[in-house]
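To keep things clear, I will list the structure first and then write my remarks on it.
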Amino acid sequence: MSTKIIRVIWAGRLSYSSGLKLQKIFANQHHQKLKEDSCNTLILVEHDPVFTVGIRDKEYTVQDEERLKNLGAEFFRTNRGGLITFHGPGQLVAYPILNLKQFKSSIKWYVCQIEEMIIRLCAELGIKGEKSPNTGVWVNDKKICAIGVHGSRYVTTHGLALNCNTDLNWFNHIVPCGIKGKGVTSISQELNINVTIQDVLPLLKNAFQDQFRCSLIEYSAEEYCQLFNSINKSNICI
């Protein structure tokens, strides 16, 4: 059985809206060519400060939205699973845009693979990450990695957010992922040293390849420029 090829792009620091556009471009390619695996893409990004809510989060009102925006962050309502969370500097966000029919046609299986991948990554750093009845990866009662995905005809969007050296004070203004009585943590906090996104990037790429039994191929500089030109000219949203 041949190894699947997944294209990977490190998009750097992007606004959340630009990240949505980037996801939409690759998701559309899947829906136009569902029998080909060349569209499978792993987007890696760091976002400007933003609070996002999922499809089940109805309790955040317009007043709540304004309160959070006044902290200096953006606010987005999305079509992913899960409740409210924060993305921002020092957090590695991964958006796998995959056609699960080429892996296993199960969103539950997919989320489980992401959790196991992050647990493997944490173990490599000497951190004991665990699953719980609540989605994500936990260190004791503190979430180190949030997961919220969307599937359309088994094409995935959204993904995971791993706290590397994130300012965790941002989470004090919300109930992270809607789970009361639980906290958040980061790789840096658990190890008591500063661990950056750049430190974690190669570990995540290796863990992703092992977990999904694939080979990651980097985007070229020319492809990168073409892609971001298309984002800047695009009005699409997800």
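Miscellaneous remarks
- Residue in segment 220-229 that is at pLDDT 90 or above, over 29 Å from SER106 (Cβ atoms) and aromatic (Phe, Trp, Tyr) present: no
- LEU83 vs. criteria open to solvent by 20 Å² or more (accessible area, probe 1.4 Å), in contact with a helix residue (DSSP H, G or I) (Cβ under 8 Å, 6 or more places away or on another chain), in contact (Cβ under 8 Å) with a residue 60 or more places away in the chain and aliphatic (A, V, I, L, M): yes
- The single residue among ILE114, ILE97, ILE119, ILE144 that is more than 30 Å from ASN192 (Cα to Cα), open to solvent by less than 60 Å² (accessible area, probe 1.4 Å) and either among the acidic types (Asp, Glu) or modelled with pLDDT of 95 or more (or both) turns out to be ILE97.
- Restricting segment 153-188 to residues that are farther than 15 Å from THR52 by Cα and free of Cβ contacts under 8 Å to residues at least 24 places away in the same chain, the residue that is nearest to the chain's Cα centre (by Cα): LEU168
- Test: residue in segment 217-233 that is within 16 Å of the chain's Cα centre (by Cα) and either surrounded by fewer than 22 Cβ atoms within 10 Å (Cβ to Cβ) or under 19 Å from ILE6 (Cα atoms) (or both): no
The values are calculated or read from the model by the stated rules, or taken from the named source; none is laboratory data. Small disclaimer: the values here were computed from a predicted structure and weren't measured. Quick reminder, even Gly has a Cβ in these numbers, built from the backbone with ideal geometry, and neighbours come from all protein chains shown. Areas reflect the complete protein model, heavy atoms only, side chains present, ligands, DNA and RNA absent. Shrake-Rupley method; radii C 1.70, N 1.55, O 1.52, S 1.80 Å.
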